[in-house]
Amino acid sequence: LYLGRRRILKRDLRMMLAGVKKGQRIIVGSRRLAWIYREEIWRRKRERENTKKIEALKEKNGQLLEFLQKEGPFPLLALPDELISGVFSLLPMKDRLRARVNKRLNEIEVKTKYHVNNLWITEESIDDDVFRSNNLNHQTITFIEERAYSSECIKRLARNVSVGAFSIELTGSDDFHREVYNLIKEFEIGQLYIRFENDDVKKEIFVDSFLIDVLKTCKTIDLTDLEYITGDGLFQVYKLMITGAVKVRFFYVPSVSTDLCLAFLRLLGISFRDGKVFSKKLDIEVYEIRVFELLVGIAVFDGTFEMRFIHSSNGHFDREEGRMAFELHESIEALEKKKNGQQWNVKLEIIPE
């Protein structure tokens, strides 16, 4: 089939005719045919460019191999420590950790600090373990379930690496996994995402004291749940955040029980009865969060501190669980901007208690 001089491939016709019954008429517009033609042109162009890059890389590697055979390996150890440190700052983690085989390189690597935008520590059941890296700023460490490991490499990273977004999700339950989770407190982190796949490890580690320590390491924290956190522990989070005693400014949990939220609010001096708000604190504001006039949750404002509880369907906290978020705003102006943008529908009256 031709569109002017443009040939349409059989493969593309098969795609267009897929599902068309015998005898059924089909009309394919000229725009569709032109789009298919352009896609084919770009595909062939990309293939030619990739072929050229591969050939250039082969030629370059051949020249490098010839140079090494003639001149010998590059004298890296002849460079001063400052230049070697600069080289390390450009390497992915797996290559940096290989410096341990040489005493001097190991000492330089230990003293060289660096930053990665994203670090993900995970565990899989596969045949080989790798430090996978899409680029220098997105690093993935994958451990193998069937193998035993030492936590030394994670300790080294905790000393040297600052991380933009740190995510950890392990499935095992031995001492190594407990050590890795506890080493989170040693990192310098922007955003922290913690997932506990093993309930025994979560029950042992993810308690009030661990949560308080983690708040000191990051600015944003995202947790799966607070199953083993108490109301008093959540109250400690509130006090530390509102006074600025910890680094964290945003605290989010997608699944938290209503009982825990109510226990925390009682410690704060706030309770909900018969659709009314009772509080010992009179300097707070409470709003109903509504979506298309439907009640979905409660927002509590204490100075520049915002607490959101999405636990409602027909009444206040009438669901067993929901989402919760704490946020410390930089200023009253930033808070008012947020409130105006969210369009809190109903401000509730506070009844002194």
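A few remarks follow.
- Filtering segment 89-114 to residues that are open to solvent by less than 50 Å² (accessible area, probe 1.4 Å), in a loop (DSSP other than H, G, I, E, B) and over 15 Å from residue 77 (Cβ atoms) leaves 92, 112.
- Annotation note: Cβ proximity below 6 Å between a residue of segment 152-163 that is crowded, with 16+ Cβ neighbours inside 10 Å and a residue that is part of a strand (DSSP E or B) (sequence gap 6+ or interchain) occurs for 163/116; 163/119; 163/189.
- Within segment 227-256, if we keep just the residues that are among the hydroxyl-bearing types (Ser, Thr, Tyr) and open to solvent by 50 Å² or more (accessible area, probe 1.4 Å), the residue that is farthest from residue 208 (Cα to Cα) turns out to be 243.
- In segment 257-309, the qualifying residues are those that are at positive phi and charged (D, E, K, R), and the one that is most open to solvent (accessible area, probe 1.4 Å) is 274.
- Residues of segment 106-127 that turn out to be farther than 16 Å from residue 156 by Cα and among the polar types (S, T, N, Q), as a count: 4
- Residues that are assigned to a strand (DSSP E or B) and at pLDDT below 90, drawn from segment 273-283: 273, 276
- Qualifying residue in segment 264-273 (condition: β-branched (Val, Ile, Thr) and in contact with a helix residue (DSSP H, G or I) (Cβ under 7 Å, 6 or more places away or on another chain)): no
The values are calculated or read from the model by the stated rules, or taken from the named source; none is laboratory data. Everything numeric in this text was worked out from a predicted model, so none of it was measured. Neighbour counts are summed over all protein chains in view; Cβ atoms, including those assigned to glycine, are modelled from backbone coordinates with ideal geometry. Just so you know, the surface numbers come from the protein's heavy atoms only, side chains and all, with ligands and any DNA or RNA stripped out. Shrake-Rupley method; radii C 1.70, N 1.55, O 1.52, S 1.80 Å.
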